Amino acid sequence: MRLCLLLFCVTAVRGWSDTRIRKFKKEFLFGVATSAYQVEGAWDTDGKGESIWDKYLHDHPELIADGRNGDIACDSYHQYKRDVEMLRELGVDHYRFSISWPRVLPTGLTNDINEKGLQYYDNLINELLKYGIEPMVTIYHFDLPQSLQELGGWASPLVVQWFEDYTRLLFDRYADRVKFWITINQPSFCFESYGGITAPGIKSKGLGDYMCVKHVLLAHAKAYRLYEKEYKNKYKGSVGISLSLNFGHPLNNKTENQEAAEIFRDFTIGLYMNPIWSKYGDFPKTVRNRVMKKSKEQGYEKSRLPTLSSEEIKLLKGSADFVGINHYTSVFVEARTDSDEIFEVPSLQDDIGVLLTQSDEWVSGKSSWLKSAPYGIYKLCLYLNEKYNYPQTFVTEQGWSTGTSLNDRSRVDYLREYLIALLFAIEDGTKVMGYTVWSLMDNVEWNAGTSERFGLYEVDFEAEEKTRTARLSALVYKRIIQKRVVEKDWTPDSWKISITPRSERDEL
Ligand code: NOJ
């Protein structure tokens, strides 16, 4: 029923309807993702330094929904061979994982290089390549070395150089084997970090968060240029950035809500896309003007949104081979009226000044913010095409949270419906290189601990060996990868998963 609704919606918008079977091309890459803090554990093993997440959750265990932090997590530091075995069971093309900065550079700086940490990623990469799985490395996924935080972290302009030095170390060591690089995961983390919600838990809304965004973008661009200049010719890899791109639909056709949705998208999509992908670079004009106006009204000398110099604009423009799309859900956007809820001042929310809701008709995941609205990925893709002239994209995250059950029907529905919507977007011209499910297995969902499970594999966190067991969705995803189509009625004969030779894949 929901599937039909989705198809109706998408086909209605495209102005025609048909039920042809659509296939993912042979070159299309299917994969899964994790990140270091969320799966590795071994938080202080073999010389690893402390990260901001280690510190934050050690200092504030009361903030973790079920009290489980990343000290041990899935113990992937010791169990990476089992992880690769699961990837082979799924038959994926690529595995997106992140490198823990303080594991390889305990002080954050290159004065102290932790060989054992580097060796761990060597082993993981080699194990992947042994079985023909492409490593996709995220250079930064939220776990800044605590020592660098104490020197100002992402609010300091110095971080741009620290990040470039760290990145050079990784390129020198792994670029011969890693062809897909993601500099930074979701720059919008700045708004949570400096909103006091997530590590390092600093409260500087509407100020520190914007400084963080600027430095994250510059750090990304420096890393991109470094690769372009010194490694690209030799290794021929690609470097992108993963953005959290959920979609804001206007609540209805009223002009004020259409405008509100556009403002919302400028702040949540354009803030990161414009500097890299737009013709003139820089932050979107609407964002610059709004924050400037509000800042003046609030008594600030200058805009709270830092400016980008002409050199910085040049550095950023075109600094990505692809945009990594992390897309989970959608929201409805409504213009604010006088009686509406008042946001904290200053803050991003107040600068945007709109109301957000989600439909009661959308199925809910275990996470309060996560509702299934597959049409959103289609709309997002078309929006990016129109606004940024058909950028090369890679879906670097999409996922669904449940409880612990192995019978995760809702995840199966979610993945199928979103993949169908993505096929429509591809047919309408979107350039998508691949798709990545978040996540390979249950892991530490930041402040939610292990209370929200995103895994295709369930993890028994009580067990010493952190036993991993395939869920229904693992079997369904495996089948999609094998057949390159989404079959809405397929169910497995048995729930046993085993390694299938690649030669048994259906290819176009
Ligand atoms: C995005 C983040 O990159 C990842 O760390 C997180 O676990 C998922 N979303 C799910 O919330």
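The values are calculated or read from the model by the stated rules, or taken from the named source; none is laboratory data. Just so you know, these numbers come straight off a predicted model, no measurement behind them. No Cβ is skipped: glycine too gets one built from the backbone with ideal geometry, and neighbour counts run over all protein chains shown.
Here are the numbers for the structure shown:
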| quantity | calculated |
| --- | --- |
| In the stretch 38-50, residue nearest to GLY434 (Cα to Cα) [restricted to those that are more than 16 Å from the ligand (Cβ to nearest atom) and among the small types (Gly, Ala, Ser)] | ALA42 |
| Restricting the stretch 108-147 to residues that are of a type in the set (S, T, N, Q) and surrounded by fewer than 16 Cβ atoms within 10 Å (Cβ to Cβ), the residue that is farthest from SER76 (Cα to Cα) | ASN111 |
| Filter result (in a loop (DSSP other than H, G, I, E, B), under 16 Å from ALA223 (Cα atoms) and among the aliphatic types (A, V, I, L, M)) within the stretch 145-160 | LEU158 |
| Residue identified as modelled with pLDDT of 95 or more, within 16 Å of the ligand (Cβ to nearest atom) and among the small types (Gly, Ala, Ser) among GLY449, GLY434, GLY429 | GLY449 |
| The stretch 451-466, residues that are surrounded by 14 or more Cβ atoms within 10 Å (Cβ to Cβ) and out of contact with any Ser or Thr (no Cβ under 8 Å at 6 or more places or on another chain) | SER451, LYS466 |
| Only one of ARG225, ARG177 that is surrounded by fewer than 18 Cβ atoms within 10 Å (Cβ to Cβ) and closer than 25 Å to GLY47 by Cβ | ARG177 |
| Breaking point among (1) under 22 Å from the mean Cα position of the chain (by Cα); (2) in a helix (DSSP H, G or I); (3) touching a residue at least 60 places away in the same chain (Cβ under 8 Å), for TYR77 | (3) |
| Qualifying positions in the stretch 457-505 - among the charged types (D, E, K, R), more than 20 Å from LYS25 (Cα to Cα) and at pLDDT below 95 | ASP489, ASP493, LYS496 |
| First in the stretch 38-60 and closer than 21 Å to TYR120 by Cβ, second anywhere and within 16 Å of the ligand (Cβ to nearest atom) and assigned to a helix (DSSP H, G or I), Cβ under 7 Å, 6 or more apart | VAL39/SER76; GLU40/SER76; GLY41/SER76; TRP43/ASP54; SER51/TYR37; TRP53/TYR37 |
| Where PHE97 falls short, out of the listed (1) in a helix (DSSP H, G or I); (2) under 21 Å from the mean Cα position of the chain (by Cα) | (1) |
| Residues (away from the ligand (no atom under 13 Å from the Cβ) and under 18 Å from GLY324 (Cβ atoms)) located in the stretch 176-199 | VAL178, LYS179, PHE180, TRP181, THR183, CYS190 |
| For TYR418: the one exception among (1) touching a residue at least 12 places away in the same chain (Cβ under 8 Å); (2) under 25 Å from SER76 (Cα atoms); (3) not basic (Lys, Arg) | (2) |
| Residue tally, condition in contact with a Gly (Cβ under 6 Å, 6 or more places away or on another chain) and among the β-branched types (Val, Ile, Thr), over the stretch 324-358 | 2 |
| Failed criterion for ILE426 (all others in (1) surrounded by fewer than 22 Cβ atoms within 10 Å (Cβ to Cβ); (2) in a loop (DSSP other than H, G, I, E, B); (3) within 21 Å of the chain's Cα centre (by Cα) hold) | (2) |
| Any hit, the stretch 118-129, residues being farther than 30 Å from GLU27 by Cα and in a helix (DSSP H, G or I) | yes |
| Some residue of the stretch 168-179 being under 30 Å from VAL287 (Cβ atoms), in contact (Cβ under 8 Å) with a residue 24 or more places away in the chain and in contact with a helix residue (DSSP H, G or I) (Cβ under 6 Å, 6 or more places away or on another chain) | no |
| Only one of LEU355, LEU382, LEU406 that is assigned to a helix (DSSP H, G or I) and either in contact with a Pro (Cβ under 9 Å, 6 or more places away or on another chain) or surrounded by 13 or more Cβ atoms within 10 Å (Cβ to Cβ) (or both) | LEU382 |
| Helices (runs of 4 or more DSSP H) wholly inside the stretch 213-329 containing at least 2 residues that are without any contact (Cβ under 8 Å) to a residue 12 or more places away in the chain and either of a type in the set (A, V, I, L, M, F, W, C) or more than 16 Å from the ligand (Cβ to nearest atom) (or both) | 232-235, 255-265, 285-297, 310-316 |
| The one condition in (1) more than 16 Å from the ligand (Cβ to nearest atom); (2) in contact with a Ser or Thr (Cβ under 8 Å, 6 or more places away or on another chain); (3) in a loop (DSSP other than H, G, I, E, B); (4) of a type outside the set (Lys, Arg) that THR393 fails to fulfil | (3) |
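Listed here are the residues, each with its yes/no results for (1) within 14 Å of the ligand (Cβ to nearest atom); (2) polar (S, T, N, Q).
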| site | (1), (2) |
| --- | --- |
| VAL32 | yes, no |
| ALA36 | yes, no |
| TYR56 | no, no |
| GLY70 | yes, no |
| HIS78 | no, no |
| ASP93 | no, no |
| SER100 | yes, yes |
| ILE125 | no, no |
